[in-house]
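Only one structure is covered here, and it is reproduced in the block below.
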Amino acid sequence: MEWEKDAKEVVDSIPVPEIMKNMTILYAEKLARKNKLAKVSMSEVIQTRNDYFDLFGPNLMKRLKEIREKGISDDSIDPQTALNQGPLLYQFELCHSRFIGCTRMVINAVELGKKLKQKLEDWKVTEMIADKFDVPFMPHTLFTVSISSCPNNCTAAEVKDFGIHGIALPAFSHPDKCTKCGKCVEVCIDEAVVMEEGGPVIIQKHCKQCGACAIECPTGAMTIAQQGYRVMVGGHFGRWHHIAKEVFKIGSEEKVIKTLYNAIELLRKEAKSEEHLYHMVERFGLEPIYKNL
Ligand code: SF4
Ligand code: SF4
Ligand code: SF4
């Protein structure tokens with residue numbers, strides 16, 4: 001689609017990460033089509049900028065602007081690069097909150113990633129996998145740890161060897177503070193909050209434990225009752241597709257580390273050449289992973 005010159009200059013300066021830049025361009029073009037225009041004009045760009053600023057919120061936008069003004073590229077601030085600097089036979093996949101945060105994050109994926117990397121180094125996981133495999137190593141040889149900062153689970157933890165995502169259980173803990181403004185109902189995209197006479201009620205079976213209703217509550221009536229990590233093991237993508245099995249729905253950092261240790265020990269003791277954690281989970285179930293948790 002064609003663009004007015006000044007409109008293109010402005011959209012290029014919206015301080016979103018490079019990975020998002022094309023999204024803003026496509027969004028502005030959609031607005032132009034909606035307005036039945038042949039070219040994208042300044043009015044669509046202003047609308048695009050406002051909608052993205054609303055989506056990210058003032059804190060995130062401030063940090064994005066600072067990074068943009070300093071001329072720092074996304075690649076150079078990517079914490080995943082340092083975690084995966086090799087040669088290694090494991091890898092970390094962290095969600096996009098790793099750059100400057102995300103409006104949805106409930107745990108810090110980067111900090112957890114650093115701690116788990118230290119453990120994998122201490123446990124000599126690269127050497128262990130290397131000694132198991134009697135064929136040349138390929139990228140699919142890697143043991144993958146996926147960490148997402150919220151249940152949106154942008155790194156698809158269900159199809160990784162070891163999948164983690166942040167989780168936040170909401171509770172309507174201070175009914176006296178509730179003004180029945182309806183914000184908690186509005187922000188829950190799972191329709192897990194309904195407004196009743198006494199205030200909002202959470203339908204537990206629909207709740208994804210993202211914490212948004214509590215984060216957005218303006219009075220503190222809805223709060224996060226518990227925060228932690230959900231862990232899944234034995235996922236795999238590709239020719240032998242496996243959805244990971246849940247080890248626990250919510251647990252502490254210590255529990256995550258113990259679970260990782262158990263998974264690595266299971267591989268160390270039982271895996272044959274070219275076997276992944278999903279082979280272990282298929283053969284032995286989750287019992288060895290639950291040991292001492
Ligand atoms: S997983 Fe959640 S916190 Fe991470 S990038 Fe996706 S939405 Fe943001
Ligand atoms: S957002 Fe908070 S104050 Fe508003 S209805 Fe929900 S619990 Fe009550
Ligand atoms: S935690 Fe998330 S999914 Fe659960 S009720 Fe609140 S907004 Fe909805």
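Could you check, for segment 203-226, whether at least one of its residues is within 16 Å of ligand 3 (Cβ to nearest atom), in contact with a Gly (Cβ under 9 Å, 6 or more places away or on another chain) and free of Cβ contacts under 8 Å to residues at least 24 places away in the same chain?
No.
Are any residues in segment 236-251 part of a loop (DSSP other than H, G, I, E, B) and in contact with a strand residue (DSSP E or B) (Cβ under 6 Å, 6 or more places away or on another chain), and if so, which ones?
Selection gives ALA244 alone.
Take the conditions in the same structural domain as ALA82 (by TED's automatic domain parsing) and part of a helix (DSSP H, G or I) and apply them to LYS205. Does it pass?
Considered against the rule, which asks whether it is in the same structural domain as ALA82 (by TED's automatic domain parsing) and part of a helix (DSSP H, G or I), LYS205 comes out as no.
What pairs come up if the first residue lies in segment 1-25 and is aromatic (Phe, Trp, Tyr), the second is outside any helix (DSSP H, G or I), and their beta carbons are under 8 Å apart, counting only those six or more places apart or on different chains?
Filtered contacts from segment 1-25: TRP3/LYS39; TRP3/VAL40.
Condition check ((1) away from ligand 3 (no atom under 16 Å from the Cβ); (2) within 17 Å of the chain's Cα centre (by Cα)) across all residues:
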| residue | (1), (2) |
| --- | --- |
| SER43 | yes, no |
| THR48 | yes, no |
| PRO87 | yes, no |
| SER97 | yes, yes |
| MET105 | no, yes |
| ALA109 | yes, yes |
| LEU112 | yes, yes |
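When you check GLU93 against the structure, is it without any contact (Cβ under 8 Å) to a residue 24 or more places away in the chain, within 16 Å of ligand 1 (Cβ to nearest atom) and within 17 Å of ILE147 (Cα to Cα), yes or no?
Spelling it out, it is not the case that GLU93 is without any contact (Cβ under 8 Å) to a residue 24 or more places away in the chain, within 16 Å of ligand 1 (Cβ to nearest atom) and within 17 Å of ILE147 (Cα to Cα).
Give the residues of segment 208-230 that are assigned to a loop (DSSP other than H, G, I, E, B) and either in contact with a strand residue (DSSP E or B) (Cβ under 7 Å, 6 or more places away or on another chain) or of a type outside the set (Gly, Ala, Ser) (or both), sorted by residue number.
Answer for segment 208-230, where residues must be assigned to a loop (DSSP other than H, G, I, E, B) and either in contact with a strand residue (DSSP E or B) (Cβ under 7 Å, 6 or more places away or on another chain) or of a type outside the set (Gly, Ala, Ser) (or both): LYS208, GLN209, GLY211, CYS217, PRO218, THR219, ALA221.
Would you be able to tell me the number of residues in segment 3-34 that are hydrophobic (A, V, I, L, M, F, W, C) and touching a Leu at 6+ places or on another chain (Cβ under 8 Å)?
Number satisfying all stated conditions: 1.
Would you be able to tell me the number of residues in segment 68-104 that are part of a loop (DSSP other than H, G, I, E, B) and on the phi < 0 side of the Ramachandran plot?
Filtering segment 68-104 for residues part of a loop (DSSP other than H, G, I, E, B) gives 70-74, 78, 84-89, 95-96, 101-104.
Applying the additional criterion that residues be on the phi < 0 side of the Ramachandran plot yields 70, 72-74, 78, 84-89, 95-96, 102-104.
Total meeting the criteria: 16.
Among the residues of segment 176-234, what is the count of those that are of a type in the set (D, E, K, R), more than 30 Å from PHE162 (Cα to Cα) and in contact with a Pro (Cβ under 7 Å, 6 or more places away or on another chain)?
Step one: list which residues in segment 176-234 are of a type in the set (D, E, K, R), which gives 176-177, 180, 183, 186, 190-191, 196-197, 205, 208, 216, 230.
Right, trim to more than 30 Å from PHE162 (Cα to Cα) and you get 176-177, 180, 183, 186, 196-197, 216.
Of the ones still in play, those that are also in contact with a Pro (Cβ under 7 Å, 6 or more places away or on another chain) are 183.
Residues flagged as of a type in the set (D, E, K, R), more than 30 Å from PHE162 (Cα to Cα) and in contact with a Pro (Cβ under 7 Å, 6 or more places away or on another chain) within segment 176-234 amount to 1.
So which of VAL256, VAL233 ends up being within 19 Å of VAL106 (Cα to Cα) and among the aliphatic types (A, V, I, L, M)?
Step by step, each of VAL256, VAL233 is checked, and only VAL256 is within 19 Å of VAL106 (Cα to Cα) and among the aliphatic types (A, V, I, L, M).
Just need a number here: residues in segment 215-257 that are closer than 28 Å to ASP122 by Cβ, β-branched (Val, Ile, Thr) and buried (at least 18 other Cβ atoms within 10 Å of the Cβ).
4
Tell me, which residue of segment 152-195 that is charged (D, E, K, R) and away from ligand 2 (no atom under 11 Å from the Cβ) is surrounded by the fewest Cβ atoms within 10 Å (Cβ to Cβ)?
Restricting to residues being charged (D, E, K, R) and away from ligand 2 (no atom under 11 Å from the Cβ), the top hit is GLU191.
Taking segment 146-180 as the search range and keeping residues that are among the acidic types (Asp, Glu) and touching a residue at least 60 places away in the same chain (Cβ under 8 Å), which one is farthest from ligand 3 (Cβ to nearest atom)?
Across segment 146-180, the extreme among qualifying residues is ASP161.
Residues that are free of Cβ contacts under 8 Å to residues at least 60 places away in the same chain, within 16 Å of ligand 1 (Cβ to nearest atom) and not in a strand (DSSP E or B): does segment 189-200 have at least one?
Of segment 189-200, the ones free of Cβ contacts under 8 Å to residues at least 60 places away in the same chain are 189-200.
Next, from what is left, pick out any that are within 16 Å of ligand 1 (Cβ to nearest atom): 189-190.
Filter once more, keeping what is not in a strand (DSSP E or B): 189-190.
Yes, the conditions are met somewhere in segment 189-200.
The values are calculated or read from the model by the stated rules, or taken from the named source; none is laboratory data. None of these values were measured; they are calculated from a predicted model. Don't worry about glycine lacking a Cβ; one is built from the backbone with ideal geometry, like all the others, and counts go over all protein chains shown.
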